[in-house]
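Mind having a look at this structure? Questions to follow.
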Amino acid sequence: MIEIKTNKMKYLSILLFIILITYSGCGNKYSFWQLDHFNLDETALNDNQVVSVIYYCKGPFDDQVEHGFYRHAVVIHNDSKDTINVLTFPNTDLEYFTPSSNLFVFNNRPNLNEALAGFDDLPDDMNKIINEIDTTKVSWEKYSKVVRDPEYDYIAVNKYKTVIGSLKGVSQ
């Protein structure tokens with residue numbers, strides 16, 4: 001009788017352990033900060049400045065989060081050596097950066113010419129509209145939250161100046 005209870009207890013313990021492991025593996029590792037968590041300063045980086053990326057949190061897929069979000073990168077300015085947060089957008093270049101391939105160019109507004117470079121055969125009406133766009137007035141989409149991976153808070157939680165923009169890989 002005691003042996004039967006002991007076997008049932010072992011079975012229940014193992015089952016409970018498996019359920020806990022499975023449940024914890026299904027949780028979302030990402031959370032979000034509000035934008036005001038960061039020290040926004042538009043002057044921290046200028047257009048076309050080269051930086052070295054030391055951290056990037058890409059977060060979940062956009063369709064898993066309502067109203068979108070910024071990705072968080074921590075970079076070092078290659079000239080001044082200042083460390084700066086960059087709140088950016090999905091970028092395949094950033095997802096695969098390595099210590100030997102971490103140079104990126106910052107842009108504080110969308111580069112329409114680059115975005116439209118693949119559309120060579122646009123109708124004349126469309127080209128006329130594009131040529132009339134004042135690129136100095138084009139801005140990034142605004143979000144109110146920034147993805148966070150708590151596992152890397154030792155890098156991501158900081159008081160560095162923060163800019164919003166894009167990071168494009170530099171061929172090395």
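The values are calculated or read from the model by the stated rules, or taken from the named source; none is laboratory data. Note that the structure is predicted; figures quoted are calculated from it, not measured. Please note: Cβ atoms are built from the backbone with ideal geometry, for glycine as well, and neighbour counts cover all protein chains shown.
Matching residues to (1) at pLDDT 90 or above; (2) outside any loop (DSSP other than H, G, I, E, B); (3) charged (D, E, K, R); (4) farther than 25 Å from HIS67 by Cβ:
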{"site": "ASP120", "(1), (2), (3), (4)": "no, no, yes, yes"}
{"site": "ILE129", "(1), (2), (3), (4)": "no, yes, no, yes"}
{"site": "ASP153", "(1), (2), (3), (4)": "yes, yes, yes, no"}
{"site": "GLN172", "(1), (2), (3), (4)": "no, no, no, yes"}
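Now, a different point. Residue check: is GLU42 assigned to a loop (DSSP other than H, G, I, E, B) and modelled with pLDDT of 90 or more? Break it down stepwise before answering.
Values: assigned to a loop (DSSP other than H, G, I, E, B): yes; modelled with pLDDT of 90 or more: yes.
Yes: the conditions hold for GLU42.
Taking only the stretch 71-104 into account, find how many residues are basic (Lys, Arg) and under 19 Å from TYR154 (Cα atoms).
Our first condition is that a residue be basic (Lys, Arg); within the stretch 71-104, this holds for 71, 81.
Narrowing the set further to residues that are under 19 Å from TYR154 (Cα atoms) leaves 71.
Qualifying residue count, the stretch 71-104: 1.
Does the stretch 10-18 contain at least one residue that is among the aromatic types (Phe, Trp, Tyr) and modelled with pLDDT under 90?
Going residue by residue through the stretch 10-18, those that are among the aromatic types (Phe, Trp, Tyr) are 11, 17.
So of that shortlist, the ones also modelled with pLDDT under 90 come out as 11, 17.
Checked the stretch 10-18: at least one residue is among the aromatic types (Phe, Trp, Tyr) and modelled with pLDDT under 90.
Could you check how many residues of the stretch 100-118 are more than 15 Å from LEU167 (Cα to Cα) and at pLDDT 80 or above?
1
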